[in-house]
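Heads up, the thing below is written out as structure tokens.
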Amino acid sequence: MVLGIGVSYKDMIGMRVCSGWRPFLLCLPLFFVFVHIMSVLELRQHSAAEVPQRKQYKKFDRLVFGPAAGEGLPDRLQCKGNKALTKTHFGASSKNLKAGGNISIVTVFATYNVDQQTNGKSLDSVTVGNISYSKVERSIAILNVFVNFIQETMPQSNIIILTDPSSKLPVERDRLTILPIQGDYSREMLMLQRIRSYIVFLETRAAEHSKLKGQVNHYIFTDSDIAVVDDLGQIFNDHPDFHVALTFRNNKEQPLNSGFIAVRGTPEGILRAKFFLEEVLKAYTSKFMKASRMLGDQLALAWVVKSHSSFDVRRFSRKQAFMDQISGASVLFLPCSIYNWTPPEGAGQFHGMPLDVKVVHFKGSRKRLMLESWSFLKSTSSSDIADMLCLILRSGRTKYDF
């Protein structure tokens, strides 16, 4: 080993540079420097060995089941295997909305060209049921299942996909529209672009509203990795005074999840929601660009909300919906446990699955579970959505290969 001071370990041990009495005295400080360096190196190696390594979770390429969280709780789904033992509160219909109007579910989706073919075989293929998917194909499969769930539970709703004009999405369904919007849909900028696309979309809807002759169309912006498992129309019936709705959870750093944003389709609702999202965009670009790939939009949402001095953040720890005035908009806060339920949190802070859950969000490494859930629902004639939710609840703690 050669030390940074230009003297080798061998030379120091042999004292070749410090031979004789007086040279040795002159080199004595150098010896102590060497001893100190060796002590520091030994301490660093010892400390590194004591630092606990981050736990690595195995990711599975098949369904793995565990106990269903919430067992014994009266307001939670109870399961025996994949069979629901309790009656869920499904079936609310939006066919006769008191507020009037239709509902459109809006999502942002982009595909990315990846060259992963070797000898005609994909290096990153996965199999769900009897179908194998490449990385791009499984993204489209997730989008298709997203559409499937909406058309299963809200057959009268419309679906709008905002995307890069260069994307060619092979998705053709009734009541589905693909709407190109210019922007930067790269992976690094997708979350930022999503907010921008929402704003552009609302601008066009505000401009077109005069042509609708009083007809109201409400909008719900969601991630594409969600399953709508019950009709969402009741939001606009039960809460007639909000302009924009967000979902909250008891999470100090990220209390708001951007995967579900509802907008009342009146002229005032659309404009107020647009102005609110513009405030979020300003916060995003000025404060959270380091998190542009992930979480930046959620951090910006939380900042805009919590920056109002009168806002009481303690309400995020409660289970009830509430309203507040934020940046000129009447904002409705809906509990994630019902409108943005996620499998991992179902085993944690949500303590199971509420009987009136309406949206399941397969965020993170649970996209396989989303595809498997739809396959289960359609492959077994005796199973219904409640049974499928038992499958999700029992396997939600598992991390999957995608």
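Each peptide in 202-215, 362-375, 231-244 was scored by the mean count of other Cβ atoms within 10 Å over its residues; highest first, the order is 362-375, 231-244, 202-215. Beyond 23 Å between alpha-carbons counts as too far, so tell me which of K282/K367; K80/K358; K282/K358 fall in that bin. In this structure, K282/K367; K282/K358 lie more than 23 Å apart at Cα. Taking amide H as placed 1.01 Å from N in the peptide plane, the amide H of H218 sits under 5 Å from that of N102, I103, S104, G265, each at least 5 places away or on another chain.
Label separation (F311 vs E268): 2.2 nm, computed from points 7 Å beyond Cα along the C-beta direction. Ligands, DNA and RNA excluded, the heavy atoms of L190 present near 40 Å² of accessible surface to a 1.4 Å solvent probe. Heavy atoms only, probe 1.4 Å: what % of the accessible area of region 322-402 goes to carbon and sulfur, would you let me know? Whole-percent figure for carbon plus sulfur exposure: 49. Under 18 Å Cα-Cα from K87, which aspartates and glutamates qualify once same-chain neighbours fewer than 8 residues away are excluded? K87 reaches E71, D75, D230, D231, D356, D384, D387.
Measuring between their Cα centroids, region 130-198 and region 241-272 lie 21 Å from each other.
Rounded to the nearest Hz, the phi-derived 3J(HN,Hα) couplings of region 214-222 under the Karplus curve 6.51 cos²θ - 1.76 cosθ + 1.60 (θ = phi - 60°) are x, 6, 10, 10, 7, 10, 10, 8, 9, where x marks glycine and proline. Beyond 25 Å between alpha-carbons counts as too far, so tell me which of K83/K319; K135/K363; K168/K211; K135/K168; K287/K399 fall in that bin. Over 25 Å apart, Cα to Cα: K83/K319; K168/K211; K287/K399. Placing +1 on the Cβ of every Lys and Arg and -1 on the Cβ of every Asp and Glu, with no other charges, gives region 260-402 a dipole of roughly 400 debye about its Cα centre.
Each of R397, R173, R187, R138 has its accessible area taken with a 1.4 Å probe; listed largest first, they run R397, R187, R173, R138. Basic side chains Lys and Arg get +1 at the Cβ, acidic Asp and Glu get -1 at the Cβ, and with that the dipole of region 245-344 about its Cα centre reaches some 240 debye. Close amide H pairs (under 5 Å, H built 1.01 Å from N) link K399 with F60, residues at least 5 positions away or on another chain.
The values are calculated or read from the model by the stated rules, or taken from the named source; none is laboratory data. All values derive from a computational prediction rather than experimental measurement. We place every Cβ from the backbone using ideal geometry, glycine too, and count neighbours over all the protein chains shown. Only protein heavy atoms, including side chains, enter the accessible area calculation; ligands, DNA and RNA are left aside. Shrake-Rupley method; radii C 1.70, N 1.55, O 1.52, S 1.80 Å.
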